[in-house]
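Before any comments, here is the structure.
What follows is calculated from the coordinates using simple rules that are stated; it is not laboratory data. All values derive from a computational prediction rather than experimental measurement. Here the Cβ is made from the backbone with ideal geometry for all residues, glycine too, and neighbour counts use every protein chain on show.
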Amino acid sequence: MSDRTLLQRIVIDSSVMVGQPVIRGTRLTVSFILGLLAHGETAAQIVEEYEGLDEADVQACLLFARDSVESSTFLPLEATGA
């Protein structure tokens, strides 16, 4: 599945979850799904737990996060001593 097709699964609507990116047709935020993955849940477990999701929705969250990081500029929070 192409990146563009996957990213169409993610929507931003100010009337849904205060404009946070969500999986289309749900109130599940990209951040929530990423948090589940970060805490060891697999895509299969997430799909099993949340009716109506499929693994492409989880992939779309990862792709959205990747694109968000790539388009951001990062500055060090504090200088490290050497």
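Numerical summary
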{"read-out": "Crossing angle, helix 55-70 versus the chain [Cα axis fit, 0-90 degrees, rounded to tens]", "value": "20"}
{"read-out": "Among Gln45, Ser68, Gly25 the positive-end extreme of the charge dipole of the chain (Cβ point charges)", "value": "Ser68"}
{"read-out": "Linear extension gain, Ser72 paired with Glu41, 0.36 nm per residue minus alpha-carbon span", "value": "8.5 nm"}
{"read-out": "Rounded to the nearest 20 debye, dipole of segment 3-68 from Cβ charges on Lys, Arg, Asp, Glu", "value": "280"}
{"read-out": "Local electrostatic count at Thr26 - Lys and Arg +1, Asp and Glu -1, tallied over other residues with Cβ under 11 Å", "value": "+1"}
{"read-out": "Local electrostatic count, Val11, Cβ distance below 12 Å [Lys/Arg +1, Asp/Glu -1]", "value": "+1"}
{"read-out": "Virtual spin-label span in nm between Ile12 and Ala79, 7 Å along Cα→Cβ", "value": "3.5"}
